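The values are calculated or read from the model by the stated rules, or taken from the named source; none is laboratory data. Computed from a predicted structure; not experimentally measured. Positions of Cβ are generated from backbone atoms using ideal geometry, with glycine treated the same way; all protein chains shown enter the neighbour counts. Calculation scope for accessible area: heavy atoms of the full protein, side chains included, ligands and nucleic acids excluded. Shrake-Rupley method; radii C 1.70, N 1.55, O 1.52, S 1.80 Å.
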Amino acid sequence: MARISKQVAHREAIKENVRSSMERHREQVVKAVERALFGGQAPASLTMGEFFDALTGSLESAHQEFAALEQQLSVERGEESRARVRRDEAAEEMRQALIRVRGLIEGFWSPQAAVQAGFIGVTPQVHRDLVVYAQNVEAHMEGVLQNAEAALALPLPDIGGLRETVRRARVGLEAALVEVGAEERDALDLQNRRDQAAEAWNKTYIPVANIVEHLFRLADMHAWADQVRPTARRRAGIAEPEDLNVSGDDASGEVVDEEPAPVAE
């Protein structure tokens, strides 16, 4: 009886592992791949060409979803930045209104009257603290100043008008804070969806690139297999030079430099 070499025996074991695994899970794999590539059941007359198209099409779909959400997130971050500017401007307007009104009260009545009207300590810098400070002033100003003794023999300032100056500035700041909060929530929601799309891209890209690489190898087209293999840089979302050479002429939009994550081959 002829002896079987270890190489034959090992390759037999490897082959049998692949065959039996696929046989055991064939239906499950078929259904999952059909959902991934065709959104349901594959065409009954599916050709290899159509399979290749569906394979690369799944990668295109994953990329389009990620790219669309990345663009939306960029726009939303711009809106958030502009809302922050408006908030800071409203906060400065609030501070100046408080400072002007306080100065008038201290000059016409007295510093003590200003303290009793709610102008206690240094005017806050923090946005939320400014709102609370202004609310305290609004609550006390009229009642205190109506009964305060004036230091100047001049017509009484419009106390209601002074209170309204503070109120208008406060309302403007509160509206700006609400706007920033809404923009922040929208940006976080988009960022979460973008991150999920990036993860979906990763889950799609790596198996698709592996399949395409090895289809080229099955076809004895090793140079093309090397061209598309999922390197560590590509798995990290960083294009290789040959990728940029292939897609550079067709790329649209401005490419913004970002700090890449470290990769290791």
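Values for this structure:
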item	result
Convex hull of the range 125-217 built on C-alpha atoms - directionally averaged projected area, nm²	9.5 nm²
Helical mean residue ellipticity (222 nm; -39500 (n - 2.57) per DSSP H run of 4+; nearest 500) of the chain	-26500 deg cm²/dmol
Per-residue ³J(HN,Hα) for the range 213-229, Karplus 6.51 cos²θ - 1.76 cosθ + 1.60, θ = phi - 60°, Hz, x for Gly and Pro	4, 7, 5, 4, 5, 4, 7, 6, 10, 6, 5, 5, 4, 5, 5, 10, 4
3J(HN,Hα) from dihedral phi, the range 164-179, Karplus parametrisation 6.51/-1.76/1.60, rounded to Hz, x for glycine, proline	5, 4, 5, 5, 4, 5, 5, 4, x, 5, 4, 4, 5, 5, 4, 4
Cα-centre dipole for the range 50-117 with unit charges at Cβ (Lys and Arg positive, Asp and Glu negative), debye to 20	900 debye
Local net charge near residue 206, Cβ-Cβ under 14 Å (Lys/Arg +1, Asp/Glu -1)	+3
Residue-by-residue Karplus 3J(HN,Hα) for the range 10-24, coefficients 6.51, -1.76, 1.60, Hz, glycine and proline x	5, 5, 4, 5, 4, 4, 5, 5, 5, 4, 5, 5, 5, 5, 5
Helix axis angle, 127-147 relative to the chain longest principal axis, alpha carbon, degrees	20 degrees
Around residue 177: net Lys/Arg minus Asp/Glu count, Cβ-Cβ under 9 Å	0
Nearest-ten-degree value, helix 48-108 long axis tilted from longest Cα axis of the chain	10 degrees
Length-normalised contact order for the chain - Cα pairs under 8 Å, 6+ apart - percent	19 percent
Read-out semi-axes √(5λ) of the Cα gyration tensor in Å, derived from the coordinates shown; its label in (i) 72, 18, 17; (ii) 24, 23, 19; (iii) 53, 23, 16	(i)
Mean accessible surface per residue for the chain, computed with a 1.4 Å probe while every protein chain stays in place, in Å²	67 Å²
Compactness of the range 1-116 as Cα Rg over 2.2 N^0.38 Å, two decimals	2.65
For the range 35-85 and the range 144-204, distance of Cα centres in Å	38 Å
Rounded percent of accessible protein surface that carbon and sulfur make up, the chain, 1.4 Å probe	54 percent
